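The structure appears right after this line, and notes come after that.
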Amino acid sequence: MYRALACLFPVACGLGSAIAQEAHRVDPFPGRGALFADQRRGCLVVVDVGQTAVDTWELHGARWLFRNKIQRQSETHALYHEVGSGETVLLPLQATGIPRAWDGFEWRNRARFTAGPMARANGVFAHDSGRGELLLFGGYALVGGSLVMQQDTWSWNGSVWQQLSGTAPRARAMAAMAFDPVRSEFVMFGGFDGFGQALTFLGDTWVHDGVQWSPRPVAGPSARAGQAMAWDDGAQRLVLHGGFATTGTLTDTWTWDGAGWASTSWQVPGSAVGEPLWAVPGGLAKLTRDEEASHLWQRTGGTWIERVRDELPIERTDPSMAFDRSRGTVVLFGGNVGSAYRADTWTWDGRWRVARPAVSPPARARTAMQFHGARNELMLFGGTDGARALDDTWVFDGTNWSPRAVSVRPQGRMDVRLADDAARGEIVLFGGFDGGASMAGTWLWNGTGWRQFVGTEPAARHEHLLVGDDARARVVLASGMTIGPGQLLAHSDTWEWDGSNWSLHPATGVTIAAQAWYQPGIGAVALLAGTRKAFDGVAWRWLDQTAIVGAPSQVAALAWHGGRERVLVFGETTSAGTFVIGPTPAVATSTGGACGAPMPRLATVGRSRIGELEFRFEVDAVLPGVTAFLLLGLGDQGPVVGGCPVRVSSLVLNVPAVTDANGRVVVPMPIPELLPIRGLQVFGQAAVIVPNGPAAGFALSDGWAVRIGD
């Protein structure tokens, strides 16, 4: 369909330029969050509460598909799933707040509560679906400027918090709690009390029957905190795994049958700390993350099975990234995770894939990498392995790395910059940091050897901008900092290299800009605190009036993907993940207007971005076995039929389908990797045949406006 639209309506090609920039995360799945089973819709749902936003994902087949993003409104939350309503609830853990519920189509606000627990961290909670009750205990809170362990118990019935009185366990944080549906009781184990020298790990077991706490003085796991615990529907037991104590990380597994603990030989995949167990029909599930992938595991019939594996680089600082124009992929190399330096190579062509070259450069960070157009290969120079500044040269042909042993070469340096001088077929190197002071020096690489330029050049600096401007046959240098004995200077000057000499340009306006790229039709572009500034050979000009929506605040590396005409950003620390900044945001929003009884609903699954082959529409007609039509058009000004507004005009597609036993139907709508359809907007609505349908025998869903973007 979209291929046909791209041919019939070529005006869509230029729509992106008038739309504000936006960044969105493109990781297949971050590998974290609270997991629930949506039995009505037949999928697993993960809600990932991040630093500022809450992302909702669903598993369809072997693919995680993004569903929704909302802003985070509270410091701490409880997440639970209501089996009766089929909704997942995001509940603020604080004195007053607004719960929000995900019904498979959207997050909706529930009634505000005005009395609740003190805001806290690392409290423990569990939910009883039968009674509709969530129980919260302990944690620690900031009181009068100090962290204070909490010993209070609270119950939430879906609308009101109530503090429970009576005998209570010792105050604690990072305990484990789960609900035992066979015995209809909450079970809590372990945690820690106190801080610093007074910290004590706990190894006691308590149960709560919905009214009061009771201790269970039974032998069991050793004292610990941070352990995972969940109900195993297949084994009809609670399962506890892992945690940590004074002896370090614990990897043992225990089961609880209501009377006592039993040690088991079960092997649980992933980390024993920080990766919860989740109850799902028939067994358990676990989301894990290792150095090369995020995984979903499910335990059914006593066996752990890997259901999903998505390759994904581990979070890191100071890697190097560059676009391999010959092969159409972005390449990432190295970086460091804490004090561990890495030597792994990754490629991105819409999804990350780990490369396994036979030979690789030694582990390093703060290196430089640049595509050499004259040689059709990536070139890497320098960096640091944590002990010294490196001076070696490597090239990557898309399969393997090869060292280039040359006797004449630049002195070892990190935070160096490279640029491709395409007009002259050379790589230009300038500046860097040797570990003690910033460096000057212009070096040229022709593919086989280095030669040094002698003449007037910019001042010594590192973390500067160096970009080859192909259209003007110039290399642009700007910004950076100079560090040395008694010296700390930030630069705002601009220089140009013409293949023979450096010349100082009068343009100023860019200070420290460690991340930059060349963008055809625009010039050298620098990313500054989420906004872009471009140099066209005359002056630096802002491309964005405000910060790019969703742009990561901390950038580890970035690269311009020439084939897809977008910027790939690898974030770090609180901005960890992979983001795309493209000229046209992919947006899908409801335009309202549902009409009829029962009232159908329409939603999109996946992002409406170029190359998203899993994109689909989902219709909830409520009634099973009825015919639903998905209408797609280029306009939203349809007629009013029987008092119901038709939200689609200029119809281009009409897809009939029959709803399943749950009244649902999914209509796949793969979006091809075609840049000409960027910016194309289509409008959708579902029409369902129902008895006495007001719109000529139909009930109509809400309308949706879908813009195809990045």
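The values are calculated or read from the model by the stated rules, or taken from the named source; none is laboratory data. Just so we're clear, the structure is a prediction, and the values are computed from it rather than from any experiment. Cβ atoms come from the backbone with ideal geometry, glycine included; neighbour counts cover every protein chain shown. SASA here: full protein model, heavy atoms, side chains in, ligands and nucleic acids out. Shrake-Rupley method; radii C 1.70, N 1.55, O 1.52, S 1.80 Å.
Observations on the model:
- Annotation for the stretch 175-194: no member residue is among the polar types (S, T, N, Q) and on the phi < 0 side of the Ramachandran plot.
- Check on Leu429, assigned to a strand (DSSP E or B), within 25 Å of Leu465 (Cβ to Cβ) and over 32 Å from the mean Cα position of the chain (by Cα): yes
- No other residue among Thr511, Thr494, Thr531 is open to solvent by 70 Å² or more (accessible area, probe 1.4 Å), closer than 28 Å to Glu565 by Cβ and either β-branched (Val, Ile, Thr) or modelled with pLDDT of 90 or more (or both) apart from Thr511.
- Residue that is nearest to Arg67 (Cα to Cα), among those in the stretch 606-617 that are surrounded by 20 or more Cβ atoms within 10 Å (Cβ to Cβ) and in contact with a Leu (Cβ under 7 Å, 6 or more places away or on another chain): Gly606
- Count - residues of the stretch 569-598 that are assigned to a strand (DSSP E or B), modelled with pLDDT of 90 or more, of a type in the set (Gly, Ala, Ser) and surrounded by fewer than 18 Cβ atoms within 10 Å (Cβ to Cβ): 0
- Of the candidates Trp107, Trp57, the single residue that is of a type in the set (Phe, Trp, Tyr), buried (at least 16 other Cβ atoms within 10 Å of the Cβ) and under 26 Å from Glu292 (Cβ atoms) is Trp57.
- Per this entry, Thr247 is not counted among residues that are surrounded by fewer than 19 Cβ atoms within 10 Å (Cβ to Cβ), more than 30 Å from Glu315 (Cβ to Cβ) and over 28 Å from the mean Cα position of the chain (by Cα).
- Within the option set Gly270, Gly274, being farther than 19 Å from Ala126 by Cα and assigned to a loop (DSSP other than H, G, I, E, B) holds for one residue only, Gly270.
- Pairs where the first residue, in the stretch 80-97, is free of Cβ contacts under 8 Å to residues at least 40 places away in the same chain and the second is of a type in the set (A, V, I, L, M, F, W, C) and open to solvent by 30 Å² or more (accessible area, probe 1.4 Å), C-beta under 6 Å, 6+ apart: Gln94/Ala119
- Subset of the stretch 298-343 [within 23 Å of Glu463 (Cβ to Cβ) and aromatic (Phe, Trp, Tyr)]: Phe323, Phe333, Tyr341
- Hey, Arg647 surrounded by 19 or more Cβ atoms within 10 Å (Cβ to Cβ), touching a strand residue (DSSP E or B) at 6+ places or on another chain (Cβ under 9 Å), modelled with pLDDT of 95 or more and not aliphatic (A, V, I, L, M) or not: yes
Conditions (1) touching a Phe, Trp or Tyr at 6+ places or on another chain (Cβ under 6 Å); (2) at pLDDT below 95, marked per residue:
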residue: Arg131; (1), (2): no, yes
residue: Gly145; (1), (2): no, yes
residue: Trp154; (1), (2): yes, no
residue: Asn157; (1), (2): no, no
residue: Trp206; (1), (2): yes, no
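- Filter result for Phe113 (within 35 Å of the chain's Cα centre (by Cα) and over 17 Å from Glu75 (Cα atoms)): no
- All positions within the stretch 368-392 that are of a type outside the set (A, V, I, L, M), surrounded by fewer than 22 Cβ atoms within 10 Å (Cβ to Cβ), farther than 17 Å from Asp344 by Cβ and within 33 Å of the chain's Cα centre (by Cα): Gly373, Asn376, Glu377
- Ala705 crowded, with 22+ Cβ neighbours inside 10 Å and assigned to a strand (DSSP E or B): no
- Note on the stretch 436-481: among residues that are open to solvent by 50 Å² or more (accessible area, probe 1.4 Å) and of a type in the set (S, T, N, Q), the one that is nearest to Val538 (Cα to Cα) is Thr456.
- The residues listed here are Val646, Val640; of these, the one that is in contact (Cβ under 8 Å) with a residue 12 or more places away in the chain and among the aliphatic types (A, V, I, L, M) is Val646.
- No other residue among Pro670, Pro656, Pro624 is in a loop (DSSP other than H, G, I, E, B), surrounded by fewer than 15 Cβ atoms within 10 Å (Cβ to Cβ) and free of Cβ contacts under 8 Å to residues at least 40 places away in the same chain apart from Pro624.
- Scanning the stretch 314-335 for residues that are under 28 Å from Val268 (Cα atoms) and surrounded by fewer than 22 Cβ atoms within 10 Å (Cβ to Cβ) yields Ile314, Glu315.
- Meeting the requirement of 1 or more residues that are under 21 Å from Gly480 (Cα atoms), the strands (runs of 3 or more DSSP E) wholly within the stretch 315-421 are 320-324, 368-372, 377-381, 417-421.
- Counted residues, the stretch 84-111 - those being in a loop (DSSP other than H, G, I, E, B) and closer than 18 Å to Ser155 by Cβ: 8
- Among the candidates Asp209, Asp233, Asp257, the residue that is open to solvent by 60 Å² or more (accessible area, probe 1.4 Å), under 19 Å from Pro181 (Cβ atoms) and free of Cβ contacts under 8 Å to residues at least 24 places away in the same chain is uniquely Asp257.
- Meets criteria (out of contact with any Leu (no Cβ under 8 Å at 6 or more places or on another chain), crowded, with 21+ Cβ neighbours inside 10 Å and within 30 Å of Tyr341 (Cβ to Cβ)) for Leu287: no
- Some residue of the stretch 343-361 being modelled with pLDDT under 95, over 30 Å from Val428 (Cβ atoms), in contact with a strand residue (DSSP E or B) (Cβ under 9 Å, 6 or more places away or on another chain) and open to solvent by less than 50 Å² (accessible area, probe 1.4 Å): no
- When each of Arg566, Arg601 is tested for being in contact with an Asp or Glu (Cβ under 6 Å, 6 or more places away or on another chain), closer than 22 Å to Leu466 by Cβ and buried (at least 20 other Cβ atoms within 10 Å of the Cβ), the lone residue that passes is Arg566.
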